[in-house]
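All remarks here apply to the structure that follows.
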Amino acid sequence: MEQIEPQFEPSSQNLWDEILHMVSKDIPQQSFHTWFKSLELVSATDEEICIGAPSRFFVEWIQSHYRDILKNAVAAASGHPVKVNFQILEGKRKSSSSQENPFPAVKVMDKPPIPKGDGLFIAGSVNLVPHLTFDNFVEGDSNRFARAASLACAEKPGRTSFNPLLIYGGAGLGKTHLLQAIGNFIIGNSNFKVIYVTSEQFTNDFIKAIEQRKREAFTRLYRSADVLLLDDVQFLMTKEKTQEEFFHTFNTFHSSGRQLVFSSDRPPKELDGFDSRLVSRLQWGLVTEIAKPEYETRVAIIKKRSAMEGVEVPEDVAHFIAFNITDNIRTLQGALIHLFAQASLMGKAITLELAKRSLKDFIFKQESYISPDRILEIVGRELNVSKEEVKSRSRRKEIAEARHIAIYLCTEYTKLTLKAIGSFFGDRDHATIIHARESIAQRAKDDPTLGELLDRMKRLVEISSV
Ligand code: ADP
Ligand code: MG
């Protein structure tokens, strides 16, 4: 990228503002903030504009994720298509550190070439994202069954008893990922024709088909596939006409032994407004839930995702993020990528300190102080005792010890009074709390193994807090 002298007229700033404004309407605010706030206009002519970015990481990220949005915004703001170039503004880094950018180039995940159907319907294209594969899907207790069922369908489409397969669960837990993985697996291993489509696209195509009197083409297209992956069926709840079409599509597929896979944000019986025949059909095969990921799965996902981006994330940072973002994998990944962007922007290595600073925006839901519940969770997990056991009257050695450690940590890290801690731990009086605290403190001094254990717990509590 050659050096280009700023050469634009005053109106260029307006153009740039307009471009940013248009982009901001198309992407989530957080993403806009992360990726577009630190760009600037370097030059603008009638044929081409050059945008300055703080690092290569930014350029590659924007090109692989927002290229079309940016291109469209530039074209709309200029009134005609304009070529978009980037330039890295090395000198503009906020830190003067001369150290290397800590990241090797991000692997650019280009959109797949979209094979065109008849150009009329979305489903004419395959719509599969290449990196959403089984290999990139981290398995854990929360998704093990859904994953296994998906893999079975992918290996033998239409030939398992999982037809249809319906995966349900909350937002950002991996439903789309599994549907896409099935699709990618099948097109990679067979000549089957796969259609992946969201229920919204299905509906829009259907409406278009009716408006343009192309209903037959629509029906033919959908029914020509061997495998139909229909994402977010709850979207059809209020769409009676589309449900009817879907009902016929379902029957055609099912009766000819072709595979159907659906996702939904709720179990079938809660799909209010669904034709009851459809609700029953959705349950003909296998219905499986995908739950919120457990701690270990969250850590593993962070590691996997970092490896995919070619970025090394220190252990404590991975744990810190996993601690704080608990119920949505999309948010978890968003937080991680935000951190990468911040590190790249400042030319700094990824450390716990940086992570704590950069993730403040993301950790909106969690309290910024340490709660006794958090401590109980950490102690329980590390020592393998349940929260109930810790609070119980049990005198079993492991349980009593876990209880004492948890009490000690509460007196050290929470702002609760001894009385409040006592009542949290199953109505114990304040003398018991003092005794527990003192005895652990004393024993940790005398017994190096216990001392180390306590240090590890302290460290875990510290990294769990914002
Ligand atoms: P949903 O469709 O349930 O709302 P997605 O499938 O879109 O959720 O998942 C959100 C993000 O989290 C995607 O980037 C996806 O790749 C990622 N993700 C979800 N589950 C996993 C997993 N088990 N392993 C790796 N990445 C995952
Ligand atoms: Mg989805």
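Just a few scattered comments:
- Selected residue (criterion: farthest from Arg330 (Cα to Cα)) from residues of region 286-300 that are away from ligand 2 (no atom under 16 Å from the Cβ) and at pLDDT 95 or above: Leu286
- The residue of region 267-291 that is nearest to the chain's Cα centre (by Cα), among those that are without any contact (Cβ under 8 Å) to a residue 60 or more places away in the chain, closer than 20 Å to Glu200 by Cα and outside any loop (DSSP other than H, G, I, E, B), is Glu270.
- Residue pairs whose Cβ atoms lie under 7 Å apart, separated by 6 or more positions or on different chains, with the first residue in region 239-266 and free of Cβ contacts under 8 Å to residues at least 40 places away in the same chain and away from ligand 1 (no atom under 16 Å from the Cβ) and the second open to solvent by 10 Å² or more (accessible area, probe 1.4 Å) and assigned to a helix (DSSP H, G or I), are Phe247/Arg277; Thr249/Arg223; Thr252/Arg223.
- Filter result (in a helix (DSSP H, G or I) and either at positive phi or free of Cβ contacts under 8 Å to residues at least 60 places away in the same chain (or both)) within region 138-157: Arg144, Arg147, Ala148, Leu151, Ala152, Ala154, Glu155
- Only a single item in (1) at pLDDT 85 or above; (2) surrounded by fewer than 18 Cβ atoms within 10 Å (Cβ to Cβ) is not met by Tyr66, and it is number (2).
- Matching residues in region 129-181 - criterion: being within 16 Å of ligand 2 (Cβ to nearest atom) and of a type in the set (Phe, Trp, Tyr): Phe137, Tyr168
- For first residues located in region 296-313 and in contact (Cβ under 8 Å) with a residue 12 or more places away in the chain and among the basic types (Lys, Arg), partners that are near ligand 1 (Cβ under 10 Å from one of its atoms) and open to solvent by less than 30 Å² (accessible area, probe 1.4 Å) and lie 6+ apart or on another chain with Cβ distances below 7 Å form the pairs Arg298/Leu332; Lys304/Val138.
- Taken together, the residues in region 161-204 that are in contact (Cβ under 8 Å) with a residue 60 or more places away in the chain, in a loop (DSSP other than H, G, I, E, B) and more than 12 Å from ligand 1 (Cβ to nearest atom) amount to 4.
- Of the numbered criteria (1) out of contact with any Asp or Glu (no Cβ under 8 Å at 6 or more places or on another chain); (2) part of a helix (DSSP H, G or I), the one Val313 fails is (2).
- Residue pairs whose Cβ atoms lie under 9 Å apart, separated by 6 or more positions or on different chains, with the first residue in region 65-80 and over 19 Å from Gln13 (Cβ atoms) and the second hydroxyl-bearing (Ser, Thr, Tyr) and part of a helix (DSSP H, G or I), are His65/Ser31; Tyr66/Ser31.
- Of all residues making up region 196-223, the number that are more than 16 Å from ligand 2 (Cβ to nearest atom) and open to solvent by less than 60 Å² (accessible area, probe 1.4 Å): 8
- Listed by position, the helices (runs of 4 or more DSSP H) inside region 3-85 whose residues that are of a type in the set (Phe, Trp, Tyr) and closer than 24 Å to Lys348 by Cα number at least 3 are 56-65.
- Tally of residues being farther than 15 Å from Phe235 by Cα and touching a Leu at 6+ places or on another chain (Cβ under 8 Å) across region 173-195: 11
- Positions within region 220-238 being of a type in the set (Lys, Arg) and either within 16 Å of ligand 1 (Cβ to nearest atom) or out of contact with any helix residue (DSSP H, G or I) (no Cβ under 8 Å at 6 or more places or on another chain) (or both), in sequence order: Arg220
- Only one of Val126, Val108 that is at pLDDT below 60, of a type outside the set (Ser, Thr, Tyr) and open to solvent by 20 Å² or more (accessible area, probe 1.4 Å): Val108
Conditions tested, residue by residue: (1) among the basic types (Lys, Arg); (2) free of Cβ contacts under 8 Å to residues at least 40 places away in the same chain.
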{"position": "Asp373", "(1), (2)": "no, yes"}
{"position": "Glu377", "(1), (2)": "no, yes"}
{"position": "Val385", "(1), (2)": "no, yes"}
{"position": "Ile421", "(1), (2)": "no, no"}
{"position": "His430", "(1), (2)": "no, yes"}
{"position": "Asp447", "(1), (2)": "no, yes"}
{"position": "Leu453", "(1), (2)": "no, no"}
{"position": "Lys458", "(1), (2)": "yes, no"}
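- Going through (1) within 16 Å of ligand 2 (Cβ to nearest atom); (2) of a type outside the set (A, V, I, L, M, F, W, C); (3) in contact with a Gly (Cβ under 9 Å, 6 or more places away or on another chain) one by one, Asn184 falls short only on (3).
- Of all residues in region 298-330, those satisfying the criterion of being buried (at least 19 other Cβ atoms within 10 Å of the Cβ), β-branched (Val, Ile, Thr) and within 17 Å of Ser464 (Cβ to Cβ) are Val299, Ile302, Val313, Val317, Ile321, Ile325.
- Looking only at region 226-257, and only at residues there that are modelled with pLDDT under 95 and part of a loop (DSSP other than H, G, I, E, B), the one that is nearest to ligand 2 (Cβ to nearest atom): Lys239
- The residues in region 411-448 that are farther than 19 Å from Glu388 by Cα, outside any helix (DSSP H, G or I) and either open to solvent by less than 90 Å² (accessible area, probe 1.4 Å) or of a type in the set (A, V, I, L, M) (or both) can be counted, and the count is 4.
The values are calculated or read from the model by the stated rules, or taken from the named source; none is laboratory data. These figures come from a predicted structure and were not determined experimentally. For neighbour counting, all protein chains shown are included, and Cβ atoms are generated from backbone atoms with ideal geometry for every residue, glycine included. Ligands, DNA and RNA are stripped out before the accessible areas are found, and what is left, the full protein with its side chains, is counted by its heavy atoms. Shrake-Rupley method; radii C 1.70, N 1.55, O 1.52, S 1.80 Å.
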